[in-house]
Amino acid sequence: MSLEIFDNTNPDDLLIGLNPQQQEAVQYRGRALLIVAGAGSGKTRVLTHRMAHLLANKEIWPSQILAITFTNKAAAEMRERVEQLIGQAGQGMWLKTFHSACLQILRREADRLGHDSNFSVYDTGDTRALLRRLLREAGAEDADIKPAQAAAIISNAKNELKDAEDFARNSDRSNPKERIVADVFQAYTNELRRNNAFDFDDLISETVGLLQAFPELRARYQKRFRHILVDEYQDTNHAQYALIREFTKPLPDEYANYDDKTGEQLGPSDLTVVGDSDQSIYAFRGADIRNITEFERDFPGAKTILLEQNYRSTQNILSAANSVISQNPYRPAKNLWTDSGAGNKVVLFTGYDERNEAAFVVDRVKKLHEEGVNYRDMAVLYRTNSLTPPLEAELKSQLIPYAVIGGLKFFERKEIKDALGYLSAISNGRDDEAVRRVINTPARGIGQKTELKIAQLARDNEISFRQALLYSSDMGLGPKLTAAVQGFGELLNELEAMTATDGPADVLKVALTRSGYRNELEISRDPQDEARVENLDALLGQLYEWQAMYPEGTVADYLAEVTLAAAADEIEDESGSLSLMTLHTAKGLEYQVVFMIGLEQGTLPHIRAFDEPGGLQEERRLMYVGMTRAREQLFISHALQRTLFGNTSGFMASMFLADIPQELVEAEGTERSISSTASRPDRPSPSWKGAINTPSALRDNKDLELAVGDKVNHDTFGNGQVITVSGTNPRQTAEVRFDSGVTKRLLVKMAPISKI
């Protein structure tokens with residue numbers, strides 16, 4: 001690529017429209033730079049302008065940039081923005097997720113680890129299926145160890161760069177559970193190697209191991225990537241941190257790099273990281289906030305630049321969010337501000353119960369929609385999925401289109417996983433788990449006992465499970481079963497031979513037909529199977545498009561791309577639908593209007609947070625992330641009682657609500673004052689004008705007992721009669737049929753009712 005392609009871009013033009021702090025971040029040159037980017041402060045713009053500025057100044061080639069993000073969507077957005085700024089000069093950059101960057105390195109270097117370059121990548125489902133078998137073989141039933149639990153333990157170990165041997169050394173062998181997990185971890189590692197496969201965590205940990213074991217390899221990649229940029233640095237775990245360190249720490253003298261033209265010794269790669277400790281909410285995934293808070297310790301002399309001007313939200317929303325996050329200790333001083341005006345006050349709704357809260361949200365959604373706000377520009381956020389049923393019921397009753405983001409995604413559907421299982425079995429002959437997943441799909445009469453015999457034959461002869469299929473006549477299975485096993489093995493071999501001349505889409509189409517999988521769905525009378533056929537057609541359509549874009553792409557290439565895309569936790573834009581999602585899912589998104597529901601003690605902050613070091617601080621950051629998703633209007637709500645999993649309980653308002661100054665809030669609801677439920681021991685409670693609209697708002701019916709037939713008065717629903725009761729005070733609940741025709745189940749102790 002000739003340097004002339006940069007000549008049309010004036011570097012100074014890339015600074016136009018940036019505020020002074022953003023300009024400084026774009027222009028700074030040095031060993032290490034930390035950009036502390038508050039919510040909505042334009043971090044993506046700064047990152048892309050910084051990359052474009054480096055290229056427009058002709059300081060580095062595009063191929064010398066490695067920019068790492070956490071999702072494919074973010075990587076694609078960055079690439080598009082850079083190319084908009086400087087055209088084709090942006091091509092050639094490595095703009096990837098952590099996993100896809102490591103996958104590309106491992107594809108090139110797999111032989112150093114004893115793997116073939118066409119290795120499989122196991123996703124969560126593959127991992128759990130393999131662990132389920134290994135746990136069964138280890139006799140783990142008595143120890144009550146679930147595949148998901150074992151997978152989480154192994155994943156956490158790998159993210160700490162500990163292998164099976166490290167884990168076994170540090171486990172308590174006298175503890176049956178720890179002993180079984182340690183043994184299964186080792187067996188799992190052996191099976192992955194036997195199957196020529198890596199799991200998702202291996203992609204990073206094995207790449208780190210490669211760079212540590214082979215200094216000449218590290219030197220080569222340091223010379224290749226002269227500038228490394230990392231987005232969302234506060235979300236990195238130990239393995240991701242170690243990967244960045246391998247790229248950026250000094251090399252031993254004998255492996256030093258030298259400039260090809262000047263002959264001068266090159267230092268380590270320059271590093272730019274962007275993040276915000278106030279938005280670190282993934283500790284449960286292994287994210288370590290210290291990676292960003294201790295950046296200047298890790299890189300002495302590093303420059304830190306704060307981006308505090310917000311381009312997303314109104315000042316009232318920002319001030320409310322600032323007031324919440326400012327209570328966290330040990331955080332760098334930062335205060336978001338905007339010049340876009342104060343905007344509407346934050347609306348706080350105090351609901352009597354979850355149905356009352358849901359009705360409020362849906363009523364406001366309808367009203368806003370009537371005023372011209374699209375459903376797709378509104379979102380409802382919550383701490384846990386258990387809060388959605390009453391909300392979904394109300395939305396359905398009002399015929400409001402909605403989408404639960406984070407539900408069953410396309411690539412998680414059974415028929416899609418089955419189809420991809422066939423491709424895996426075809427692509428990688430050593431992937432025993434892929435073959436076992438589809439050996440009886442559709443049913444061929446090959447049950448678990450037969451499967452175990454095939455596996456034993458494979459072990460005894462040190463061959464793969466798939467190779468063993470061709471020796472079914474040696475297993476004493478009987479003529480019909482022998483033919484089924486032999487025929488399946490021959491089918492996989494024929495399909496693999498097809499890959500030499502046909503594209504992945506053509507291979508999959510033939511596989512679905514000749515295996516009988518598609519026909520079984522087509523002749524089924526189950527209406528769901530009709531939808532499954534449509535999903536398979538959609539998959540084939542996508543695969544043909546991919547095949548046209550990458551005519552040289554292999555089945556292994558496609559499977560790896562699908563695995564990375566499916567695991568990237570991307571959000572589909574449900575046009576015209578109200579979005580419902582957890583606060584964790586909402587990170588990185590923004591909406592014109594945001595509703596945050598379920599703001600009660602035990603929910604947000606979550607009850608587990610009180611027992612975990614740093615738990616409350618992370619829950620406060622989660623609240624902050626939710627609030628800063630809103631551009632123009634923010635509604636926050638809590639309920640005085642909820643029925644969860646069949647139990648009705650009273651709830652106190654979240655302690656975080658007491659941090660918001662009353663002048664920023666417009667309180668609604670007829671129940672109880674926030675100051676009576678959310679007071680903090682270390683500061684006076686706000687008065688929350690407007691939160692109390694009736695004299696009964698503070699009523700505590702601790703001595704009230706009701707019986708069937710009693711007549712009562714409710715401050716909101718009027719007169720009614722008790723039709724059923726359950727329990728005794730303080731846990732007594734009563735079902736009341738009101739004169740208006742409404743029937744409500746009430747927690748007697750807390751309900752605004754009186755006996756007539």
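The requirement of being open to solvent by less than 10 Å² (accessible area, probe 1.4 Å), in contact (Cβ under 8 Å) with a residue 40 or more places away in the chain, more than 25 Å from Lys73 (Cα to Cα) and not in a helix (DSSP H, G or I) is fulfilled somewhere in segment 623-635, by at least one residue.
Whenever a residue of segment 641-659 is acidic (Asp, Glu), its partners that are open to solvent by 40 Å² or more (accessible area, probe 1.4 Å) and modelled with pLDDT of 75 or more, lying with C-beta atoms within less than 8 angstrom and at least six residues away or across chains, give the pairs Asp659/Ser326; Asp659/Gln327.
Only one of the numbered conditions (1) open to solvent by 50 Å² or more (accessible area, probe 1.4 Å); (2) not in a helix (DSSP H, G or I) is not met by Gly429, and that is (1). Within the set Leu103, Leu135, the sole residue that is in contact (Cβ under 8 Å) with a residue 40 or more places away in the chain and touching a Leu at 6+ places or on another chain (Cβ under 6 Å) turns out to be Leu103. Only a single item in (1) at pLDDT below 95; (2) open to solvent by less than 40 Å² (accessible area, probe 1.4 Å); (3) over 19 Å from Asn335 (Cα atoms); (4) outside any loop (DSSP other than H, G, I, E, B) is not met by Thr643, and it is number (2).
Is it the case, given these coordinates, that Leu134 is surrounded by 22 or more Cβ atoms within 10 Å (Cβ to Cβ) and modelled with pLDDT of 90 or more? Here the answer is no, as Leu134 does not meet what is asked. The criterion of at least 2 residues that are within 29 Å of the chain's Cα centre (by Cα), small (Gly, Ala, Ser) and within 29 Å of His115 (Cα to Cα) is met, among helices (runs of 4 or more DSSP H) falling completely within segment 177-292, by 200-213, 238-248. Residue by residue through segment 102-119, note down the ones that are touching a Ser or Thr at 6+ places or on another chain (Cβ under 8 Å) and either buried (at least 21 other Cβ atoms within 10 Å of the Cβ) or modelled with pLDDT under 90 (or both). Across segment 102-119, the qualifying residues are Cys102, Leu106, Ala110, Asp111, Asn118. Restricting Tyr422, Tyr471 to residues that are open to solvent by 50 Å² or more (accessible area, probe 1.4 Å) and within 24 Å of Arg193 (Cα to Cα) narrows the list to Tyr471.
Flag: Lys96 does not match the condition of being touching a residue at least 24 places away in the same chain (Cβ under 8 Å), open to solvent by 20 Å² or more (accessible area, probe 1.4 Å), touching an Asp or Glu at 6+ places or on another chain (Cβ under 8 Å) and more than 25 Å from Pro20 (Cα to Cα). Just checking, does segment 336-346 include any residue being open to solvent by 30 Å² or more (accessible area, probe 1.4 Å) and acidic (Asp, Glu)? Looking through segment 336-346, at least one residue is open to solvent by 30 Å² or more (accessible area, probe 1.4 Å) and acidic (Asp, Glu). Any idea which of Asp116, Asp111 is over 30 Å from Thr314 (Cβ atoms) and assigned to a helix (DSSP H, G or I)? Step by step, each of Asp116, Asp111 is checked, and only Asp111 is over 30 Å from Thr314 (Cβ atoms) and assigned to a helix (DSSP H, G or I). Among the residues of segment 30-49, is any more than 20 Å from Asp235 (Cα to Cα), open to solvent by 10 Å² or more (accessible area, probe 1.4 Å), outside any helix (DSSP H, G or I) and not aliphatic (A, V, I, L, M)? Yes, segment 30-49 contains a residue that is more than 20 Å from Asp235 (Cα to Cα), open to solvent by 10 Å² or more (accessible area, probe 1.4 Å), outside any helix (DSSP H, G or I) and not aliphatic (A, V, I, L, M).
The selection criterion, being buried (at least 22 other Cβ atoms within 10 Å of the Cβ) and at pLDDT 80 or above, holds for Thr603. Among the residues of segment 469-504, those that are part of a loop (DSSP other than H, G, I, E, B) and within 40 Å of the chain's Cα centre (by Cα) comprise Thr499, Ala500, Thr501, Asp502, Gly503. Filtering segment 137-153 for residues that are open to solvent by less than 20 Å² (accessible area, probe 1.4 Å), among the charged types (D, E, K, R) and either more than 20 Å from the chain's Cα centre (by Cα) or closer than 16 Å to Ala197 by Cβ (or both) leaves an empty set.
The values are calculated or read from the model by the stated rules, or taken from the named source; none is laboratory data. Here the structure is a predicted model, which is why all the values come from computation and not from measurement. Positions of Cβ are generated from backbone atoms using ideal geometry, with glycine treated the same way; all protein chains shown enter the neighbour counts. All accessible areas refer to the heavy atoms of the entire protein, side chains included, with ligands and DNA or RNA removed. Shrake-Rupley method; radii C 1.70, N 1.55, O 1.52, S 1.80 Å.
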